[in-house]
Amino acid sequence: EVLATQAENTRSQVDKTYHCVVSFPEGEFPTREQLEDIEDQMCQALGFEEHQRISAVHQDTDNIHLHLAINKVHPQTFKVHEPFRDYYIRDRVCRELEQKHGLIVDNGIGQGKRYGKEQEMNVHSDKQTLWQWIQDNTKEALIQTAQTAESWQTLHEQFAVQGLVIKPRGAGLVIGTLDGSVHIKASSVDKSLSFKRLSERLGEYQASAPDKQLPQQPKVQYQAGPRMPDEAAKALYAKFQSQKQQAWEQRNAFKAKQQAEKEAFNQQLKAWHQTERQKIKSSSLPGAAKRQAYHQLAQERELLWDTQRQKEAEQRKTVFETHVPLTWEQFLVQTAERGNSKALELLRSRRYKQARMAKALVTADSLDAARHIVYQHLKPIVKRNGDLIYRVQDGGSVTDERTRVRVDEVTAGSAFLALSLASERFSGQPLDVQGETTFKQQVVQFAAQYGMPVTFKDAALEAERQRLCRTLENPSLAKVEPLSPALEAFIGQRNKLVGKVLDLLPHRVWTAHDQGDMIYQGRRNLTDGTQAVLLQKGQELLVKPVQAQEFLGLKVGQLLQINEKGQPQTRGRGQGYER
C-alpha cells in the first residue's frame with residue numbers, strides 16, 4: 001500500500017520514505033502505551049499525522065529503540081511532505097515527552113543551535129582535543145604571554161615554547177600545532193587572546209620574522225591521544241601504543257613475506273606450465289587429443305592457483321587474528337578483563353552518563369574515593385564504557401558502573417553480589433540503597449548474617465541491620481512467624497502480575513516494622529479459608545493476615561495508622577487519630 005501510494009507521485013525525485021529512530025537510554029524500559037504515545041506525538045509534530053507508517057520496537061541492543069518508517073506522500077493529496085528544520089522539532093518533542101512520561105532527560109541540541117561548541121562537546125569524546133589539552137597544560141602561560149608580550153614576535157616565540165602557533169584565519173585568530181594539523185579559535189581559550197584584544201595592545205598583526213629561530217624543542221607538545229590523568233594511565237597508554245605498533249609491524253612483515261612467496265610460486269607455476277605445454281606440443285598425439293591435453297593442463301593450473309590462494313587466505317586470517325591492532329577502547333576492555341583496575345578506571349572515566357533506570361541501586365556519597373574492582377572469577381562482561389556485567393546462577397544480573405552498583409534482575413544472589421561489590425568499592429562509607437522493599441530487606445539481612453563491614457545511609461535500614469545483628473548474637477530476641485502456604489501463594493501469584501496489570505503494586509507480608517500511616521485497600525479471602533487485608537504503604541501493598549472481626553467497617557482508600565501490634569487507627573478530619 002505504501003509503494004502504491006508513492007507511485008501516485010511521479011514529480012518528486014527525493015526519497016519518499018522518512019526514517020526516524022527514537023532511542024532510549026540503557027536501562028530504561030518504556031511501556032507499550034508510552035511507546036505508542038511517543039510515536040503518535042512525534043509523527044504529529046513532524047506533520048505526518050495522516051501519513052502511512054510502519055513502526056517497530058527493537059530490543060536487540062543495550063538501548064531500546066523505536067523505528068518509524070513514514071511515507072512522505074500523503075495518501076489523499078499525493079503530495080510529498082518534507083519537514084523543515086526537523087532536527088529542532090524532534091529535539092523539542094523529545095524534551096516534552098521526557099517530562100510527560102517521566103523519562104530520563106537527555107542533553108539535546110540546546111536552545112536555537114544545531115551544533116555545540118567544541119568545549120561543550122569535549123565531554124562526549126574519548127580523545128583529548130587541542131582545546132582540552134590547552135586548558136589542562138598551557139592556558140595560564142598563554143594568557144600571561146598575551147598580557148606581557150611587548151610585540152607580535154615575542155608572542156610568537158612564547159607560543160612556540162608551548163608547541164603552538166597563533167595566526168590569522170578569516171576575521172580572527174586561530175591557535176594551532178607547530179605542524180599545522182589542528183587549529184582552534186583563539187578566543188575560545190580566553191578572550192584576552194582574541195584578535196581585537198591583541199591588536200589593541202600590540203598593533204596590526206605581524207607574522208613571525210623569517211630570520212628569527214623559534215625553539216626546535218618546545219617544553220610541551222599536544223598529542224591527540226586520550227586524556228591521561230596520572231602516570232599509571234600514561235604507562236598503560238604507552239603499552240597500548242607499543243602493542244599496536246608491534247601488531248602493525250607483524251602484519252606488514254607478513255604481507256611482504258607473503259608477497260615474495262606469491263611471486264616465487266607464480267614463477268614456478270609459469271615455468272612448470274610452459275614445460276608441460278611444450279611436452280604436449282612436441283608429442284605425437286592427434287589434434288583432438290592435444291586439445292584435450294591442453295584443456296586438462298589449464299584445469300590443473302587453475303587448481304594449483306586455487307589451492308595456493310586458499311592457503312594464503314588461511315595464513316593471512318591466522319596472522320591477522322593473532323596480531324590485531326586494537327583501538328584504545330578495545331585495549332582497555334581486554335586489560336580490564338584480566339583484572340587491571342587502572343584500565344577499568346579509565347574506561348569508566350571516558351563517558352559521563354546520566355542516571356539511568358534500574359530495579360535497585362547501591363551507591364555512596366563520596367565517589368572520588370570509590371575503588372575499581374574486578375571479580376575476575378565471576379567472568380564479568382566488560383562493556384566499552386567500563387561497566388561490568390555479572391550474571392548470577394539464580395538468574396540475577398548486576399551491573400557495576402563507575403558511580404554505583406546497579407541490579408537489573410533482583411534475586412537473592414544478585415542482592416548478595418551487589419552488597420559485596422558495594423562494600424568493597426565504597427569501603428568506609430554509608431551505603432545508599434534504593435529499590436523495592438524486598439531488595440532492601442535482602443541487603444540488610446545479608447549484611448547482618450555475614451557480618452559485612454557496612455553501614456547504611458537510611459536510618460531505618462541501619463537500625464534494622466543493628467537489630468538483626470543483636471538477634472544473631474542472642475537468638476532468643478528473634479520472633480519469627482512463618483508464612484502460611486496460602487498467604488505465601490497469594491503474594492507470589494500477585495507479584496507475577498506486577499508490570500502486566502496496570503497500576504498493580506508489588507506485594508509483601510506486613511511486619512511490625514511497617515507501623516505508621518498507610519491506606520486500606522480491601523480484604524481478600526485466601527485458599528485455606530483465612531482472610532488478609534491489603535495496606536498500601538508508598539509503592540507497595542502490605543498483606544496482613546487478620547481475624548474475621550478485624551478491620552471491619554473500613555472503606556477502600558481510607559487512611560489508617562497501624563501500630564506495632566498491627567492494630568488500626570483511623571484518621572479523623574483534622575482531628576488527629578481515632579480508635
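Here G499, G451 are screened, and the one residue that is within 29 Å of D432 (Cβ to Cβ) and at pLDDT below 80 is G499. Would you check if Q549 is open to solvent by less than 60 Å² (accessible area, probe 1.4 Å) and either part of a loop (DSSP other than H, G, I, E, B) or not hydroxyl-bearing (S, T, Y) (or both)? Here the answer is no, as Q549 does not meet what is asked.
Residues in region 446-463 that are crowded, with 16+ Cβ neighbours inside 10 Å and out of contact with any Asp or Glu (no Cβ under 9 Å at 6 or more places or on another chain): F446, A447, M452, V454, L461, E462. The residue pairs whose first member lies in region 412-424 and is of a type in the set (F, W, Y), whose second member is in a helix (DSSP H, G or I), and whose beta carbons are closer than 6 Å, counting only pairs six or more residues apart or on different chains, are F416/F446. Total residues in region 158-205 satisfying the condition of being of a type outside the set (S, T, Y) and either over 21 Å from Y222 (Cα atoms) or open to solvent by 20 Å² or more (accessible area, probe 1.4 Å) (or both): the figure is 27.
Picking from residues in region 387-404 that are of a type in the set (D, E, K, R), surrounded by 16 or more Cβ atoms within 10 Å (Cβ to Cβ) and part of a loop (DSSP other than H, G, I, E, B), the one that is nearest to the chain's Cα centre (by Cα) is D387. A Cβ distance below 6 Å, combined with a sequence gap of six or more or placement on separate chains, defines the contacts here; from region 444-457, residues that are in contact (Cβ under 8 Å) with a residue 40 or more places away in the chain reach residues that are open to solvent by less than 60 Å² (accessible area, probe 1.4 Å) in the pairs K457/D432. Taking first residues from region 251-266 that are polar (S, T, N, Q) and partners that are open to solvent by less than 50 Å² (accessible area, probe 1.4 Å) and assigned to a helix (DSSP H, G or I), the Cβ contacts under 8 Å between residues at least 6 apart in sequence or on separate chains come to Q258/E312.
Please state which one of R356, R384, R351, R371 is part of a loop (DSSP other than H, G, I, E, B), at pLDDT 80 or above and either of a type in the set (G, A, S) or over 25 Å from G516 (Cα atoms) (or both). Steps first, answer last, please.
Values: R356 fails: at pLDDT 80 or above; R384 fails: at pLDDT 80 or above; R351 fails: at pLDDT 80 or above.
Answer to the check: R371.
Of note, V93 satisfies the criterion of being crowded, with 16+ Cβ neighbours inside 10 Å and outside any loop (DSSP other than H, G, I, E, B).
Considered as a group, the residues in region 405-428 that are open to solvent by 10 Å² or more (accessible area, probe 1.4 Å) and assigned to a helix (DSSP H, G or I) include one that is farthest from H372 (Cα to Cα), and that residue is A412.
Among all positions in region 14-24, there is at least one residue which is closer than 14 Å to V2 by Cβ, in contact with a helix residue (DSSP H, G or I) (Cβ under 9 Å, 6 or more places away or on another chain) and either at pLDDT 95 or above or not in a loop (DSSP other than H, G, I, E, B) (or both).
Suppose we keep only residues that are open to solvent by 60 Å² or more (accessible area, probe 1.4 Å) and either part of a loop (DSSP other than H, G, I, E, B) or of a type in the set (A, V, I, L, M) (or both) within region 502-518. Which one would you say is modelled with the highest pLDDT? Let's see the steps before the verdict.
Initial filter on region 502-518 (open to solvent by 60 Å² or more (accessible area, probe 1.4 Å)): 502-503, 513, 515, 517.
The next check asks that each one be either part of a loop (DSSP other than H, G, I, E, B) or of a type in the set (A, V, I, L, M) (or both); those that pass are 502-503, 515.
On the way: L502: 65, D503: 72, Q515: 76.
Checking each candidate, the answer is Q515.
Taking region 1-19 as the range and being within 38 Å of the chain's Cα centre (by Cα) and of a type in the set (D, E, K, R) as the test, the residues that pass are D15, K16. Applying the criterion of being in a loop (DSSP other than H, G, I, E, B) and in contact (Cβ under 8 Å) with a residue 60 or more places away in the chain to the residues of region 25-40, the residue that is nearest to S55 (Cα to Cα) is P30.
Evaluate the following for V57: is it open to solvent by 70 Å² or more (accessible area, probe 1.4 Å) and part of a strand (DSSP E or B)?
Details: open to solvent by 70 Å² or more (accessible area, probe 1.4 Å): no; part of a strand (DSSP E or B): yes.
The answer is no for V57.
Output the residue which, of all residues in region 136-157 that are assigned to a helix (DSSP H, G or I) and open to solvent by 60 Å² or more (accessible area, probe 1.4 Å), is modelled with the lowest pLDDT.
For region 136-157, the residue satisfying everything is D136.
Residues in region 132-182 that are among the aromatic types (F, W, Y) and touching a residue at least 40 places away in the same chain (Cβ under 8 Å): W133, W152.
Every listed requirement among (1) loosely packed, with under 14 Cβ neighbours inside 10 Å; (2) in a strand (DSSP E or B); (3) not aromatic (F, W, Y) is met by L66 save one, (1). The residues of region 531-545 that are open to solvent by less than 10 Å² (accessible area, probe 1.4 Å) and in contact with an Asp or Glu (Cβ under 9 Å, 6 or more places away or on another chain), listed by number, are V533, L535, L542.
For L332, the stated conditions hold: it is outside any loop (DSSP other than H, G, I, E, B), within 20 Å of the chain's Cα centre (by Cα) and either at pLDDT 80 or above or closer than 30 Å to F254 by Cα (or both).
Which ones in region 267-281 are touching a residue at least 12 places away in the same chain (Cβ under 8 Å) and open to solvent by 80 Å² or more (accessible area, probe 1.4 Å)? Once the filter is applied, which keeps residues that are touching a residue at least 12 places away in the same chain (Cβ under 8 Å) and open to solvent by 80 Å² or more (accessible area, probe 1.4 Å), region 267-281 yields only R277. One residue stands out among those in region 300-328 that are open to solvent by 50 Å² or more (accessible area, probe 1.4 Å) and β-branched (V, I, T): the one that is nearest to K262 (Cα to Cα), which is T307.
The values are calculated or read from the model by the stated rules, or taken from the named source; none is laboratory data. Please read all numbers here as calculations on a predicted model, not as lab measurements. Virtual Cβ from ideal backbone geometry, glycine too; neighbours counted across all protein chains shown. Note: areas computed on protein heavy atoms with side chains; ligands, DNA, RNA excluded. Shrake-Rupley method; radii C 1.70, N 1.55, O 1.52, S 1.80 Å.
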